[in-house]
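Report on the structure given below.
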Amino acid sequence: EPEVTQTPSHQVTQMGQEVILRCVPISNHLYFYWYRQILGQKVEFLVSFYNNEISEKSEIFDDQFSVERPDGSNFTLKIRSTKLEDSAMYFCASRLYWSEKLFFGSGTQLSVL
Amino acid sequence: GESVGLHLPTLSVQEGDNSIINCAYSNSASDYFIWYKQESGKGPQFIIDIRSNMDKRQGQRVTVLLNKTVKHLSLQIAATQPGDSAVYFCAENSQTSGSRLTFGEGTQLTVNP
């Protein structure tokens, strides 16, 4: 069964450093997402991406965050200057249409020290 | 703002019993709902979905019920097994929320042998 893949599975960084989280969505999907989950809390929406542009973003997704789809397969989330509170599990997700099943990757655990 | 939430944070059942996990939502425009299962350290795993033009949908050992009148969603798991132990989230989509899927708080299901 096709799946969303994310790398790395764990990322440790120093506060103020830039990180790039990588994702390969399911190949024929059209909508791409980043969510995050702080330990013990619910899954929070960050951003959605469709037709090579951001379609929606949450209040969390400030100027420190950016997304890119540099080629036909990868989808990245960049945090320019990480803060301690950015420590969380980051999930990439994709779906074929906006009101269809959303499939999640296994996540990248980001730890900011 | 609009929210999706769960009635109970934890549920403990005996192996073989049926489990019922509940979810309340507040957005009357919600038209698509998904239940996810999340095991520790993993991404949300799709279980079953339902659209607002339906009241009930069945899968393998799972049934989702939707009551639009009281904005209530439930997930029923038949003959619960130890492997069903996880956190269960409901999530909703609506045209007013664009393409984002909004998650509820989650219910921890523990199945005792």
Can you tell me which residue is farthest from the other protein chains (Cβ to nearest Cβ) among those in the range A:27-40 that are within 24 Å of A:MET15 (Cβ to Cβ) and either aliphatic (A, V, I, L, M) or assigned to a loop (DSSP other than H, G, I, E, B) (or both)? A:ILE38
Considering only residues that are modelled with pLDDT under 95 and either touching a Phe, Trp or Tyr at 6+ places or on another chain (Cβ under 9 Å) or open to solvent by less than 10 Å² (accessible area, probe 1.4 Å) (or both), which ones fall in the range A:69-102? A:ARG69, A:ARG95, A:LEU96, A:TYR97, A:TRP98, A:SER99, A:GLU100, A:LYS101, A:LEU102
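Looking only at strands (runs of 3 or more DSSP E) that lie completely in the range B:1-105, which have at least 1 residues being closer than 24 Å to A:GLN37 by Cβ and within 14 Å of chain A (Cβ to nearest Cβ)?
Details: elements: B:10-14, B:19-25, B:30-38, B:45-51, B:56-58, B:62-67, B:72-77, B:86-94.
It comes to B:10-14, B:19-25, B:30-38, B:45-51, B:62-67, B:86-94.
A quick yes/no check of all residues on (1) at pLDDT 95 or above; (2) exposed (fewer than 13 other Cβ atoms within 10 Å of the Cβ):
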| position | (1), (2) |
| --- | --- |
| B:THR10 | no, yes |
| B:SER19 | yes, no |
| B:ALA24 | no, no |
| B:SER28 | no, yes |
| B:TYR36 | yes, no |
| B:SER40 | no, yes |
| B:VAL62 | yes, no |
| B:LEU66 | yes, no |
Can you name the residue in the range A:41-54 that is facing chain B (nearest Cβ under 9 Å) and more than 14 Å from A:ARG95 (Cα to Cα) and is also most open to solvent (accessible area, probe 1.4 Å) among such residues? A:GLN41
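For B:THR80, indicate whether it is over 13 Å from the mean Cα position of the chain (by Cα), in contact (Cβ under 8 Å) with a residue 40 or more places away in the chain and surrounded by 13 or more Cβ atoms within 10 Å (Cβ to Cβ).
Yes.
The values are calculated or read from the model by the stated rules, or taken from the named source; none is laboratory data. As the structure is a computational prediction, the values presented were derived from the model and not from experiment. Glycine also receives a Cβ, built like all others from the backbone with ideal geometry; neighbour counts cover every protein chain displayed. When the accessible area is computed, the model is the full protein with side chains, heavy atoms only, and any ligands, DNA or RNA have been set aside. Shrake-Rupley method; radii C 1.70, N 1.55, O 1.52, S 1.80 Å.
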